[in-house]
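Note sheet for the following structure.
The values are calculated or read from the model by the stated rules, or taken from the named source; none is laboratory data. No experiment lies behind these values; they were computed from the predicted model shown. Virtual Cβ from ideal backbone geometry, glycine too; neighbours counted across all protein chains shown.
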Amino acid sequence: MSVSTDVATGPESVFDWIDTRAEARAKAGLTRRVRPRPAGSAELDLASNDYLGLARDKRVTGAAAAAALRWGAGSTGSRLVTGSTELHTELEYELANFCGAQAALVFSSGYAANLGALTALSGPGTAIVADQHIHASLIDGTRLSKADVVAAGHLDVPQVAHALATRGKRRALVVTDSVFSVDGDLAPLAELAATCRAHGSALVVDDAHGLGVVGEGGRGAVHAAGLAKAPDVVTTVTLSKSLGAQGGAVLGPSRVIRHLVDTARTFIFDTGLAPGSAAAALAALKVLREEPDRPARALDVAQDLAFRLRDKGFQVNTPAAAVVSVRAPSPEAAVAWAEACRERGVVVGCFRPPSVPDQVSRLRLTARADLTEADVDRAVRVISETGASAGAVSRPR
Ligand code: PMP
C-alpha cells in the first residue's frame, strides 16, 4: 500500500486536526477545563464522590500518612513483584469480609479493576451483553475483550434475556453498573442474576457508587441484592468514592480471583496501589463498621436535595444512592449554571456529552453524609436561584 505524499505538510501541521476538533467542541460548548481545587476552601462541595466525608477524616488521612512513612510513598513495583505489602493483603481480606464476598483483589484504580476483570473473564469465545449506560471503564473493558458485544437497553432485562438466548458464543457475561453514575438509578440486580442463571451466563456488576452507600451498613448493592456470595457474580468497586481513598478491587468467588492474579493484565503489568491509599481504604472500612449509620445519612441528604429541588420546579432524578442529577436545557446552560453556583460558593458537577449516555446535560450533585441541614439549605437556595437564570426551571413556581 502506498501513502500519498503530495500533501504540503511540515512537522508543525501534523497535529492541525486537533485544533479543528477543538474549535468544533468549543462551538458546541463542550470544551473541558482542568481546575485545581484550592486546599482548605470554604466552598460547599457537592461535586466530589466523597459520599461519606471520609477523604479528609483524620482517622483516614492519619492512616495514609503513617503507611507512607512506613512503606514508602509508592508501592515500588507491580503487585506480583514488589508492589504488595501486608496492607494490600489485609485490605483484600477486609473488603471481601465487609461485602460478604469469598475473595477480593486490589487494583490501582476502579478503572483498572474493570478493564482487568472484563478482559480476563471473556475473550473471543464469549458474548458480552452490557447495559447501554455502563461506565466508560466498563465500555473500554468490553472493547479490549475481543468478545462479541451487544448493548442492551438501559435497565431492560427482557432485552438482556433475548441477547443471551440468541448469542452465538458458548460463554457469556452480562455487564452492568449497580448505581448508574449519571442519574443515580439502580440496576435490577436480582432479575439480571436470575436471567443470567437461566441462560448460563456470569454477571459482572460495577458497584462503584453502591459501596458505602447502598444496603445494610453500606455493604453495597450486590450485597443488598443477596448476590455477594453467588458463584456466578463478580463485583468491581472503587476505593475512591465512599471510602475517600484511591484504588479499586474485584470481589467474587475465590477461583475467579485466583484467575485474575494469573491473567488480568491491569493487575500484572500495573504498579501496585500506593500503601497510603491501601491504608486509607482500610481505615475507612473500619469507620464504616464503627459508624453503620453514615451511609443512610448520605442517602437521606440525597433524597432531601432531590425532593426540595423538584419542589422548586427542576427535573430531578429519584436517587437510589448519593447521586442527585438535575437536568439542564443545554450543555452551555449547564456550564453557565455550574459556574454561577461556583461564584456563589457552591461547587457542583457538570455532566455534558459525551459523558452522558442520553446526550442530556445535567448538574450532578453528590450528597455527603457530613453535610449539615444548613449546607443543604444553602445548596438548594443557590442552585435554584442560579438555575432560574440558566433557564432550567421547567415548572416555574
Ligand atoms: N466505575 C464507575 C461507575 C465510576 O463512576 C468510576 C469513577 N468515575 C469508575 C468505575 C472508575 O473508578 P476509579 O476512579 O477508581 O478509576
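Things worth noting here:
- Test: residue in the range 53-68 that is within 30 Å of Pro329 (Cα to Cα), in a loop (DSSP other than H, G, I, E, B) and out of contact with any Gly (no Cβ under 6 Å at 6 or more places or on another chain): no
- If the condition is being under 24 Å from Val233 (Cβ atoms) and out of contact with any strand residue (DSSP E or B) (no Cβ under 9 Å at 6 or more places or on another chain), then the range 256-281 contributes His259, Asp262, Thr263, Arg265.
- Condition met for Pro319 (surrounded by 19 or more Cβ atoms within 10 Å (Cβ to Cβ) and part of a loop (DSSP other than H, G, I, E, B)): yes
- Flag if Arg37 is farther than 30 Å from Val324 by Cα, among the basic types (Lys, Arg) and loosely packed, with under 12 Cβ neighbours inside 10 Å: no
- Helices (runs of 4 or more DSSP H) wholly inside the range 213-268 that include at least 3 residues being over 24 Å from Leu144 (Cα atoms): 221-224
- Residues located in the range 261-286, provided they are of a type in the set (A, V, I, L, M, F, W, C) and over 21 Å from the mean Cα position of the chain (by Cα): Val261, Ile268, Phe269
- Unique residue being buried (at least 18 other Cβ atoms within 10 Å of the Cβ), out of contact with any His (no Cβ under 9 Å at 6 or more places or on another chain) and at pLDDT 95 or above when the list is Leu69, Leu52: Leu52
- Selection status of Val301, over 20 Å from the mean Cα position of the chain (by Cα) and assigned to a helix (DSSP H, G or I): no
- The set of residues from the range 159-194 being in a loop (DSSP other than H, G, I, E, B), within 16 Å of the ligand (Cβ to nearest atom) and at negative phi comprises Ser178, Phe180, Ser181, Val182, Asp183, Asp185, Ala187.
- Residues satisfying the stated conditions in the range 195-220, i.e. over 15 Å from Arg289 (Cβ atoms), within 16 Å of the ligand (Cβ to nearest atom) and either without any contact (Cβ under 8 Å) to a residue 12 or more places away in the chain or not β-branched (Val, Ile, Thr) (or both): Leu203, Asp206, Asp207, Ala208, His209, Gly210
- Residue tally, condition surrounded by fewer than 19 Cβ atoms within 10 Å (Cβ to Cβ), part of a loop (DSSP other than H, G, I, E, B) and near the ligand (Cβ under 10 Å from one of its atoms), over the range 97-144: 0
- Checking each residue in the range 223-279 for being in contact with a helix residue (DSSP H, G or I) (Cβ under 6 Å, 6 or more places away or on another chain), within 12 Å of the ligand (Cβ to nearest atom) and under 19 Å from Ile134 (Cβ atoms) picks out Thr235, Thr236, Thr238, Gly248, Ala249, Val250, Thr266.
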